[in-house]
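Peer 1: Handing you a structure now.
The values are calculated or read from the model by the stated rules, or taken from the named source; none is laboratory data. Only a predicted model underlies this, so the values are computations on that prediction, with no experimental measurement involved. Virtual Cβ from ideal backbone geometry, glycine too; neighbours counted across all protein chains shown. All accessible areas refer to the heavy atoms of the entire protein, side chains included, with ligands and DNA or RNA removed. Shrake-Rupley method; radii C 1.70, N 1.55, O 1.52, S 1.80 Å.
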Amino acid sequence: MLAGAGRLGLPRGGHLCWLLCAFTLKLCQAEAPVREEKLSVSASTSPCWLAEEFVVAEECTPCSNFQIKTTPECGSTGYVEKITCSSSKRNEFRSCRSALMEQHLFWKFEGTMVGVALVFACLVIIRQRQLDRKALEKVRKQIESI
């Protein structure tokens, strides 16, 4: 009988492979959730930086504990920049993405991918050893039958 004949579905390690893929996907989603910028827009006023030219007064900085509780712009990323609108001369905060935060997320992703690559490399080695053993056993049986 041919190897694999009569087998339906995935090979034995196939279910483990799909389980690892699903786990990795969940891990990546948990590490880097989709960030939607939530704007604190009431019916009467909208942020001036949506309609006007603006100047960044303070670069992107981490929010303090007080700002996290009081400023809605801190909620999505944990970083804000202070801007000054040119026409209205209003000072407002705007959510931003820090280069340090991006770098941290990048290295988390890289580490996860290296880990996943190592796991799958081990699975390939294990599967190759199984196939080698089966081939040797088949050759041994053929030699014994002579």
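Peer 1: Using only Cα atoms, what is the ratio of the radius of gyration of the range 50-146 to 2.2 N^0.38 Å?
Peer 2: My calculation over the Cα atoms of the range 50-146 gives 2.32.
Peer 1: By how many nm would the segment from R90 to E102 grow when fully extended, if each residue of separation counts as 0.36 nm and the alpha-carbon distance is taken off?
Peer 2: Between R90 and E102, full extension yields an extra 1.4 nm.
Peer 1: Just the accessible area for L136, please: 1.4 Å probe, Å², rounded to the nearest 10?
Peer 2: 120
Peer 1: Can you give me the Rg/Rh ratio for the range 101-145, using Cα atoms for both radii and the Kirkwood formula for Rh?
Peer 2: 1.48
Peer 1: Tell me, in nm to one decimal, what length is gained between Q142 and L123 on full extension, where the rule is 0.36 nm per residue of separation less the Cα-Cα distance?
Peer 2: 4.0 nm
Peer 1: OK, next. Estimate the FRET efficiency between M113 and T61 by the formula 1/(1 + (r/R0)^6), using the beta-carbon distance for r and 30 Å for R0, to the nearest 0.05.
Peer 2: Here the calculated transfer efficiency is 0.50.
Peer 1: So, by mean Cβ neighbours within 10 angstrom, what's the order for 91-98, 116-123 with the highest one leading?
Peer 2: Going by the mean number of other Cβ atoms within 10 Å, highest first, we get 91-98, 116-123.
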